[in-house]
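Below is one structure, written out as structure tokens; the observations come after it.
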Amino acid sequence: MKHLKLIGIFILLLWLFIFGFHGQAFCEKVLRIGVKSGDMGILDPHMSATTANLPIMDSIFNGLVRFVPGTVDLEKIEPDLAERWTASPDKKIWTFYLRKGVQFHQGFGEMTAEDVVFSLKKAAAKETSAWWSNYLPVDKVEALDKYTVRITFKNNIPSVLALVINNRGGMVLSKKAVEKHGDGFKLNPVGTGPFAFEEYVPKQRTILKAHPQYFRGRPKIDKIIYHFMPVDQSREMALEKGELDMIEGTKAEWWVNKMRGTKGILVDALPPGELTVVHFNLTKKPLENLKVRQAMAHVLLRDEFREVYGKQITEDALSPVPPGYLGYTSDVKQYEYNIEKAKALLKEAGYPNGFDLGKMVTSTIYLSSAELLQQQLKKIGIKFEIQIVDHPTMHKMIRSDVNALIPYGAARFPIADEYLFQFYHSNSIVGRPTGITNFSHYGEVIPGVDDLIDAASVEPDSEKQKQLWIRAQQKIMQDLPSYSLRVTYVLFARRNNIDLGYDLKSNISLHYQITEKTDIK
Amino acid sequence: MFSFVTRRLLLAIPTLWITLTVIFLLVRVIPGDPTAAVMGSYVSEENIKTLKRQMGLDRPLIVQYFDYLYKVCQLDFGKSLITGVPVMKEIKTALPHTLELTACSIIVGMLTGIPLGLLLAMKRNSLIDYLGRLFSLGGISFPVFYSAILFILLFSIRLDLLPTMGVGKEGNLASRIQHLILPSITLGLLMMSYLTRITRSATLDVLNEDYVRTAYAKGLKGKKIIFKHVFKNAAIPVITVLGMYTGILIGSSVITEIIFHRPGLGSLIVGAMLSRDYIVITSVMTLYAAIVILINLLTDLSYGLIDPRVRLS
């Protein structure tokens, strides 16, 4: 009996010891974010832009100009590190007047024209930037004085402000910090943003702390912890339990409904979404035949592709460019669902009984789209087998022309030029040294839209430029090197005590943007 | 004893070398490379080529291999291709967490599995025996990721008792224990199931031995026979299984760490696999092999402590 009493007291004390700390209060305002990734990559915005590190770099760095927080409208850009700017009448010389007194993190001093010139030159150099080719039209970048920067262009480009905006190569780095840290800068980033880098634990978390001298005022939040959590359920349960404040969601309507029904959780489904497209590899017979591609377009039912994720979180994809991008048009040829017409077109093309396209290599991310393609094309006798590989393997293989059909989803910088160039310009054909994601070999097997994309990229008149992009989209829908299937919004969830501090309409950093006004209530 | 340990340790060197070589080659055969983890999937081939040169991946494979092997011989396991963080530093941060989780799971497994196994052997063919065997079969068959999610839903979300993620606050023992309970139970369930089954069958074997019958005939009490005569003799197969399955447990800790968002070798290896960080994958996998070899050695040595005949032979 005595032993039992002792054991009972021991268990009670142990219980109190372990669980007594449950409600411990902390003075610091710490925002905890679950990122859908196994790791962060690096924090040099000129070298890297992945879904894991974009939101982190977004809080650390500024550009000369920025999107209004919560929007991605290129036509409503506002000043960031530059107070104002002017352009010469031919739009080839741009002068930016910098804010005075902007301080870098970690005591690296005031941001000046020297840092801006250094950053733009770094963004334009092949060895130190992944976006160097965007800066090829730049002729000179010079500091006119401590607070004035002049950029001279060789020719006109689609959007000068897109080169100096708070994204990728437009981010301004501390020259002194880069020179001090060298290659180590990628894990010791120094910018002027509302939050400064504090700590990185590989494959676990990155911590940012408030930058007290931030030029828009001290952030309301003291710390941000980004947890790298690749498992959807882990992030979701941690948010539900209150151990995380924000997470990236699961792309499914049932998930949205479930989370919206959970007490204390808000769900945001944001454009610009990810456009899912099936690219027709024109080097694979008989896809070079236009009638075959038209027949396929006539049996691909977009409604069913939307239903895979749910209609609440998707929209129709009418054009080869996602809606909401500068230069987008929906005024393009559409192919109504018509099996008889599709069969007739196949017969005219010499394939009355359809054909076999062999194997399609894809990853689980595109599996539902691949299965739907398989199911819908089977109606007119077009067959293929699906082979599942992991995501990096798929990326490698689709660049080696393994597939005849390539389902692919992407979101890019919201300007038509970027999407058109990467997916439809002949310079971007996979396998070429300049190759990016032109999987169809459009512009090589059949004439493409290089002339329209190139002409738009140097057109100084923005209205004429938009018309050129519209013509390119219309021609693509006539030629059908690809067929757009669906637009899926980016999904996030947050605790309802998080005040973002801005009106959230859309997003470029593929996560919630944390500004100096973001607060925990 | 000394020469036995030395011989076993020397034999481990070629095993580790073969492991390292096979993994080094295998991870490079898988399509994809670490450049995508840095630059994303929408940069030109030219950019990728430049980055590969900076990472040293443009050199012939054989040069990369010998360069890596030379460094490993000097106990330099290289740096992450992506972040540049030394692999040893990453391992030093992660390893204690994996060892902590594995050790706690083994304790949970031993404290529950061995007594349950003994009980089932003693109550052979009773309802308790059937239910216990069914329970242990369930423990082995249930995937760790599934039981982990069920435990979180029950103990964290419904009952609001335990945290769902992390390792707790540094320097706060109570918080550390709190964060360790669910992962340890999840993983310990696996060990418990293995131990229950092997303890039961080993005990049943011993219970049929003549000396046990003699002990009963002498009028010794059941408890004394079980703990003094039966369990000691049934312990050798139990220890063998314990050693064998500790390796499996370390492997299963990968999933547990990922679901509970705990740092450890599991998180390290999954992150490295997803980003194709060849150096981290090769080094961590070789470390896994080294741990398994060490556990096997310790298992062999522990036989001698239990059964003096093993020591003599």
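Since every read-out is calculated from the coordinates, none of them should be taken as a lab result. Since we're looking at a predicted model, the values are computed, not measured. FYI the Cβ positions are ideal-geometry reconstructions off the backbone, even for glycines, and counts take in every protein chain you see.
Please report, to one decimal in angstroms, the Kirkwood hydrodynamic radius of the stretch A:375-460 built from all distinct Cα-Cα pairs.
Computed over the stretch A:375-460, the radius equals 14.6 Å.
Under a Cβ-only charge scheme (Lys and Arg +1, Asp and Glu -1), can you give me the dipole magnitude of the protein assembly as shown about the Cα centre, in debye to the nearest 20?
2920 debye
Just to check, using Stokes-Einstein with a Kirkwood Rh over alpha carbon pairs, what's the diffusion coefficient of the stretch B:1-42 at 25 °C and 0.890 mPa s in µm²/s?
Estimated via Stokes-Einstein, D reaches 187 µm²/s.
Return the aspartates and glutamates within reach of A:Lys475: Cα separation strictly under 12 angstrom, same-chain partners fewer than 8 residues apart disregarded; answer none if there are no such residues.
Straight-line reach from A:Lys475, under 12 Å: A:Asp331, A:Asp450, A:Asp451.
Longer than 18 Å from Cα to Cα, which of A:Lys291/A:Lys341; A:Lys311/A:Lys359; A:Lys121/A:Lys154; A:Lys347/A:Lys379; A:Lys29/B:Lys169; A:Lys176/A:Lys203 are they? Say none if no pair is.
Working: A:Lys291/A:Lys341 11 Å; A:Lys311/A:Lys359 30 Å; A:Lys121/A:Lys154 15 Å; A:Lys347/A:Lys379 14 Å; A:Lys29/B:Lys169 16 Å; A:Lys176/A:Lys203 28 Å.
Long pairs (Cα-Cα over 18 Å): A:Lys311/A:Lys359; A:Lys176/A:Lys203.
Against the empirical 2.2 N^0.38 Å scaling, what ratio does the C-alpha Rg of the stretch A:226-299 come to?
Numbers: Rg = 20.0 Å, N = 74, 2.2 N^0.38 = 11.3 Å.
Expressed relative to 2.2 N^0.38 Å, the Cα Rg reads 1.77.
Hey, what does the equivalent ellipsoid look like for the stretch A:102-224, semi-axes from the Cα gyration tensor as sqrt of 5 times each eigenvalue, largest first, whole Å?
With the √(5λ) rule applied to the stretch A:102-224, the semi-axes are 27, 17, 14 Å.
Dipole size in debye (nearest 20) for the stretch B:1-137 around its Cα centre, Lys and Arg Cβ +1, Asp and Glu Cβ -1?
It comes to approximately 400 debye.
What is the mean number of Cβ atoms from other protein chains located within 10 Å of the Cβ atom of each residue in peptide A:223-230, rounded to a whole number?
Mean partner shielding for this stretch: 2.
Between B:Val270, B:Gly139, B:Asn125, whose Cα lies farthest towards the positive end of the dipole of the protein assembly as shown when Lys and Arg beta carbons carry +1 and Asp and Glu beta carbons carry -1, centred on the Cα centre?
B:Asn125
So what is log10(I(q)/I(0)) for the stretch B:1-103 at q = 0.11, 0.21 1/Å, when the Debye sum runs over its Cα atoms only?
-0.49, -1.29
Okay, helix-only estimate at 222 nm for chain A: each DSSP H run of n ≥ 4 adds -39500 (n - 2.57), divide by all residues, round to 500 deg cm²/dmol; what do you get?
After summing the helix terms and dividing by residue count, I get -8000 deg cm²/dmol.
Starting with the fewest neighbours, write out B:Cys73, A:Cys27 ranked by other beta-carbon atoms found within 10 Å of each beta-carbon.
A:Cys27, B:Cys73
With every atom except the alpha carbons ignored, what do you get for Rg and Dmax of the protein assembly as shown, in angstroms?
30.9, 112
Show me the three semi-axes of the equivalent ellipsoid for the stretch A:76-122, from the C-alpha gyration tensor (sqrt of 5 times each eigenvalue), largest first, rounded to whole Å.
For the stretch A:76-122, the semi-axes come out at 23, 13, 9 Å.
Which of the DSSP-defined H helices in chain B satisfy a minimum axial length of 27 Å, computed from C-alpha atoms, and a minimum mean Kyte-Doolittle hydropathy of 0.5?
B:2-29, B:87-122, B:173-207, B:231-259, B:278-306
What share of all Cα pairs of the stretch A:40-172, in percent, falls into each consecutive 10 Å distance bin?
13, 45, 36, 6, 0
Just want to confirm a number: the relative contact order over the stretch A:133-207, from Cα pairs under 8 angstrom separated by 6+ residues, in percent. Write down the numbers at each step before the final one.
Values: 60 pairs, mean separation 11.9, N = 75.
Across the stretch A:133-207, relative contact order equals 16 percent.
Using C-alpha positions alone, give me the convex hull volume of the stretch A:424-521 per residue in cubic angstrom.
Per residue, the Cα convex hull of the stretch A:424-521 comes to 172 Å³.
How well do other chains shield peptide A:426-435, expressed as the mean number of their Cβ atoms within 10 Å of each residue Cβ?
Across the residues of A:426-435, the mean count of other-chain Cβ atoms within 10 Å is 2.
Aspartates and glutamates near A:Lys383 by alpha-carbon distance under 13 Å, same-chain residues fewer than 8 away left out - which ones?
Candidates past the 8-residue exclusion: A:Asp356, A:Glu371.
Under a straight-distance cross-link criterion of Cα-Cα below 24 Å, which lysines are reachable from B:Lys218, leaving out those fewer than 8 residues away in the same chain?
B:Lys123, B:Lys228, B:Lys232
Calculate the all-directions average of the projected area of chain B's alpha-carbon convex hull, and give it in nm².
Quarter of the Cα hull surface area: 21.2 nm².
How big is the stretch B:192-260 by Rg and Dmax over its Cα atoms, in Å?
So, for the stretch B:192-260, Rg and Dmax equal 16.4, 55 Å respectively.
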